[in-house]
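Remarks on the structure that follows.
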């Protein structure tokens, strides 16, 4: 999981500095993973999913 996320976000932020977002169900292993990886919860999306965002600044801090 961490290696795939690193590869994907390294590539993404080499192309743009725009923030990226994703959604996941609350109270899941995915939620814990994203929080621990520096994603910031910014609200809800869809059917109660937690909306997370990653900024280029946060990725530089957490992704190295």
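The values are calculated or read from the model by the stated rules, or taken from the named source; none is laboratory data. The model shown is predicted, which means the values in this text are computed figures rather than measured ones. Note that we place each Cβ from the backbone using ideal geometry, even for glycine, and neighbour counts take in every protein chain shown.
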| Does the range 13-41 hold any residues that are over 13 Å from the mean Cα position of the chain (by Cα), outside any helix (DSSP H, G or I) and under 19 Å from residue 2 (Cβ atoms), and which are they? | 28
| Hey, does the range 42-53 have a residue that's touching a residue at least 24 places away in the same chain (Cβ under 8 Å) and not in a strand (DSSP E or B)? | no
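Rundown of residues vs (1) out of contact with any strand residue (DSSP E or B) (no Cβ under 9 Å at 6 or more places or on another chain); (2) modelled with pLDDT of 95 or more; (3) surrounded by 14 or more Cβ atoms within 10 Å (Cβ to Cβ), yes/no style:
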residue	(1), (2), (3)
30	no, yes, yes
36	yes, no, no
45	no, no, yes
51	no, yes, yes
57	yes, no, no
63	no, no, yes
| said: Cβ-Cβ under 6 Å, sequence separation 6+ or interchain: first residue in the range 1-15 and closer than 17 Å to residue 33 by Cα, partner in a helix (DSSP H, G or I). Which pairs? | reply: 9/59
